[in-house]
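Data first, discussion second: the structure below is written as structure tokens.
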Amino acid sequence: MTIAFEQELNEEQYAAVISQSPTNLILAGAGTGKTRTLTYRVAWLIEKGVIPENILLLTFTNKAAREMLQRVEILTGFTSNLFYGGTFHHICQRLLRRHLENPNFAIIDEDDSLALFNDAIKSISPDFSKNKNNPKPRILYEIMSFSRNTMRSIANAIEEKYPHMADYGGTLKLFINRYESIKTEQNVMDYDDLLSNFVQLLEEKPDIAEHYNQQFQHVLVDEYQDTNSIQLKMIDLIARNGQIFAVGDDAQCIYTWRGANIKSIIEFPKKYPQTKVTKVQVNYRSTPEILNFANEIPVSEKFEYTKILKPTKNSFRKPLFVTVLDARQQANFVVKRLIGLRNEGYPFSEIAVLYRAHYQSMELQMELTRNNIPYTITSGIRFFEQAHIKDILSFLRFIINPQDVRAFVRMVCRFPKMGETTAERLLLSLQQLAETTKKDLFSLLEAEEIIRKIPPIALAYWIPLAHVLHGLYEGSFGFRRNGQESRRNEDLFEYAQKAREEKISFETIGEMIFFILEGEYGEYLKRAFANWQPRWDDIEAFTNFCNKFQDISDLLQQVTLLQSEYNEESTSDVESICLSTVHQAKGLEFAVVFILSLNENSFPLRRTIEEGDVNEERRLFYVAVTRARKELYLCVPNQAIIDYKKGYFSVPLQRSRFIREIGEDRFETLNFVEKNNPPSKYSRRWSGRPDSNR
């Protein structure tokens with residue numbers, strides 16, 4: 001089959017595809033046909049006489065690999081199994097099986113890997129996980145994985161990304177050594193092993209490295225900007241003569257937090273002096289107005305890498321910069337515009353709402369549910385269904401209803417040796433003791449009869465939890481009990497309302513949540529999750545939401561109704577709005593895109609500003625903007641409504657620097673103001689952190 005390359009490709013793509021240089025860097029901007037360029041390069045090589053087994057195509061996802069190989073098969077007529085194409089991990093395992101003495105190793109997934117790592121910890125230090133001050137095994141596992149993928153020592157990995165784990169470097173090395181021994185004994189490999197063992201094979205067996213260097217005359221790499229150190233090392237060893245065709249976009253390097261390094265693409269020509277750099281800038285996705293906006297985002301690390309996206313679509317309208325009062329009004333605007341877009345003929349499946357952090361979608365999720373607008377979240381987990389939010393809600397559930405078994409089980413089963421059955425029996429003992437002694441359950445959490453029933457390993461966890469629960473109970477309701485009146489069978493919050501004049505301490509639900517967060521649960525969060533900071537942010541944002549409710553029961557009822565309504569809707573196959581973090585949306589495109597909360601401290605996030613480097617945040621903004629094909633809405637709340645002890649205050653929010661960097665002629669402005677939008681009558685006073693309204 002003869003392919004008319006010059007007719008089927010644009011001038012820039014054609015120049016990239018037919019390049020005679022042994023080493024090529026293709027800077028392909030968003031929506032410029034990167035996949036097309038790669039697949040036509042393979043087809044061109046085949047037409048020039050290169051046999052399929054001499055071509056290696058490396059991708060980052062199985063989906064991308066399948067799509068490219070299918071296109072290659074259609075273009076060339078060669079079946080896809082003749083090519084060496086797939087993810088880095090797939091190629092490594094395929095080649096490892098050729099050369100290892102025992103090629104019948106099994107590949108274990110992340111869950112099984114973590115289980116083996118747990119076994120390694122127990123064999124070295126049986127009591128390690130019993131100590132509440134030690135990190136959870138998953139965090140140590142993630143440190144190990146980050147270290148291996150970035151080819152850094154454990155000490156360097158901890159210093160860079162996990163400084164709060166500095167005291168565990170030596171212990172972690174012992175655990176890792178045992179983990180490696182267990183895998184060898186069982187003849188298994190985890191995902192990271194596939195890369196590291198293949199690189200080790202090439203380094204230790206130069207003859208094997210030379211064989212593949214000769215076989216793979218052309219190494220094509222997709223999304224080169226996302227490669228980490230171990231992947232780059234593999235490419236270097238397998239393509240020693242620099243026969244690399246790398247396609248990527250420095251402006252879309254947004255995964256440095258998981259090991260990617262933007263220097264890999266920036267310094268490519270320096271590493272390979274024969275490199276020919278070709279820019280592919282003709283955009284087939286977005287309107288001229290959206291591209292004019294995107295072109296002004298200063299994302300390039302080096303001036304010579306600057307790309308000017310060129311439109312092919314017809315003109316439509318400029319991006320709309322929408323100012324709103326606060327997050328609640330932002331949600332109202334989005335919902336009203338969604339209804340309008342649907343009436344204009346846009347299917348919901350062609351609309352996405354993007355945000356920097358998951359908590360920024362909380363108000364919108366509520367508003368969408370109230371208006372019966374179906375939505376899906378790319379992470380698969382809605383805000384109120386996240387583990388840390390459900391944990392916080394379990395505290396509140398139990399405080400107002402100490403007979404809530406599931407809430408108690410959720411709180412207690414975070415502790416070692418505390419399974420569901422043990423937790424249920426413990427709660428029953430508490431309830432029986434409260435009935436017998438005519439005392440409230442919360443005053444009995446540390447009673448001798450109860451302490452005896454708790455596994456010794458869990459006691460170090462139970463005591464701090466008991467203090468938090470008792471503090472919540474006392475601080476929330478402030479009962480002046482005479483010790484003889486039993487309230488166990490009465491709804492505690494109803495009784496608290498009757499005795500409001502006697503209430504002390506906590507004045508808002510938000511204060512209660514901060515008390516939980518700053519007590520036992522905050523420490524658990526740091527031990528249990530490597531990404532504890534975003535989860536902490538979620539909970540802080542949740543406090544502001546909770547302060548709209550005067551009654552805990554009202555809050556819990558609202559959340560429960562939202563979840564049940566979603567579960568009912570999810571049973572039907574209906575098209576829905578896509579809600580997504582920008583990271584999750586990379587590689588996707590939509591006719592209409594909304595970007596939420598474009599404020600300083602929200603996008604870019606506060607912690608990235610404090611760290612002094614917002615370049616990756618800016619690239620993330622660029623990715624968000626270039627997901628839109630036809631309409632783009634940039635939403636900016638002007639203030640956060642805070643209710644301090646002496647009344648309501650509005651805290652002004654500054655628009656993001658990413659908006660301020662763009663010329664005002666590149667967008668239109670809409671001031672969206674709704675009348676009759678006062679703070680909820682259920683709002684209460686707030687005394688959390690002044691800077692928590694992000």
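What follows is calculated from the coordinates using simple rules that are stated; it is not laboratory data. Quantities reported herein were computed from a predicted structural model and do not represent experimental measurements. So basically every Cβ, Gly included, is an ideal-geometry build from the backbone, and we count neighbours across all protein chains shown.
A Förster distance of 30 Å, applied to the separation of the beta-carbon atoms of Asp613 and Glu589, puts the FRET efficiency at 0.60. Full extension of the chain between Lys453 and Glu523 yields a length gain of 22.8 nm, computed as 0.36 nm times the residue separation minus the alpha carbon distance. Helix screen, the chain: DSSP H segments with Cα axial length of 30 Å or more and mean Kyte-Doolittle hydropathy at least 0.5 are 456-477. Helix content alone sets the calculated 222 nm mean residue ellipticity of the chain: runs of n ≥ 4 DSSP H residues at -39500 (n - 2.57) each, divided across all residues, give -14500 deg cm²/dmol.
Between Gln186 and Lys417, the contour length at 0.36 nm per residue exceeds the alpha carbon distance by 80.4 nm. The three principal axes of the C-alpha atoms in region 165-212 carry coordinate ranges of 43, 26, 16 Å, sorted with the longest axis first.
Ellipsoid fit via the Cα gyration tensor, region 245-297: semi-axes of 25, 16, 9 Å, each the root of five times an eigenvalue, largest first.
Panel values: region 264-354, Kirkwood radius from alpha carbon pairs, Stokes-Einstein at 20 °C and 1.002 mPa s, translational diffusion coefficient 128 µm²/s. Across the chain, the fraction of Cα-Cα pairs farther apart than 39 Å, rounded to a whole number, is 44%. Given their separation in residues at 0.36 nm each and the Cα-Cα distance between them, Thr61 and Met151 gain 30.2 nm when the chain is fully extended. FRET efficiency for the pair Asn131 and Asp109, taken as 1/(1 + (r/R0)^6) with r the Cβ-Cβ distance and R0 = 35 Å, rounds to 0.80.
The convex hull drawn around the Cα atoms of region 159-276, when projected onto a plane and averaged over every direction, covers 9.4 nm².
For region 1-109, taking the reciprocal of the average inverse distance between every pair of different Cα atoms yields a Kirkwood hydrodynamic radius of 15.3 Å.
Going by Cα centres, region 591-626 and region 138-154 are how many Å apart? Between the Cα centre of region 591-626 and that of region 138-154, the gap is 27 Å.
Calculated over region 53-156, the projected area of the Cα convex hull averaged across directions stands at 9.5 nm². Under a cut-off of 23 Å between alpha-carbon atoms, report the lysines in cross-link reach of Lys161, not counting same-chain residues fewer than 8 places apart. Reachable lysines: Lys132, Lys136, Lys173, Lys233, Lys263, Lys526.
Other residues lying with their Cβ under 13 Å from the Cβ of Thr184 contribute a combined charge of -3, Lys and Arg counting +1, Asp and Glu -1. Across the chain, the mean sequence separation of Cα contacts (distance under 8 Å, 6 or more residues apart), normalised by length, yields a relative contact order of 18 percent. As a size descriptor, the averaged projected area of the C-alpha convex hull of region 337-414 was calculated at 6.7 nm².
Take every Cα pair under 8 Å whose residues are at least 6 apart in sequence, average their separation, divide by the length of region 90-206, and the relative contact order is 41 percent.
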